[in-house]
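Structure first, commentary second.
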Amino acid sequence: MHALDVLGDPVRRRVLELLAEGEQSAGAVTAVVREEFGISQPAVSQHLRVLRENGFATVRAEGARRLYAVDPTRLREVDQWLNRFRRFWEQRLDALGTELARGARARRTTSPPPAGDPQADPQEDT
């Protein structure tokens, strides 16, 4: 399965978000996903299996519990694939930053002095 097919599912993206917070038990992941998406425990287990089999998550046994964690390998592959497109949003973000800085400078040079400043009200001295 292509990495973007795996990540295209909102439930799997949410599971990865939960795992990004740190290692989680299958039960903890299931509880959150069932609450948010209204799906069954077997359905959540299927999503965990897809993530594990496609290299996005790891699992380890701790007694009867199964603990899941993010496996960054496939995420790096996705990042490398996205890298060719990054320039499209980085250029826009750079331009936005420049415009915000320009606007902030303009506000500082055109805004009146703060209230209580002797220069703010020249009639105060009379």
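The values are calculated or read from the model by the stated rules, or taken from the named source; none is laboratory data. Just so it is clear, the model here is predicted, and its values are computed rather than measured. When we count neighbours, we look across all protein chains shown, and the Cβ atoms used for this are built from the backbone with ideal geometry, even at glycine.
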Of those in the range 44-75 that are small (G, A, S) and without any contact (Cβ under 8 Å) to a residue 12 or more places away in the chain, the residue nearest to L7 (Cα to Cα) is A61
Expected output for the range 77-100 (first residue under 25 Å from A3 (Cβ atoms) and modelled with pLDDT of 75 or more, partner charged (D, E, K, R) and surrounded by 10 or more Cβ atoms within 10 Å (Cβ to Cβ), Cβ below 7 Å, 6+ apart or cross-chain) is none
Filter the range 13-39 for residues that are in contact with a helix residue (DSSP H, G or I) (Cβ under 7 Å, 6 or more places away or on another chain) and without any contact (Cβ under 8 Å) to a residue 24 or more places away in the chain; the one that is nearest to R66 (Cα to Cα) is T30
Scanning the range 47-68 for residues that are surrounded by fewer than 15 Cβ atoms within 10 Å (Cβ to Cβ), touching a strand residue (DSSP E or B) at 6+ places or on another chain (Cβ under 7 Å) and not in a strand (DSSP E or B) gives none
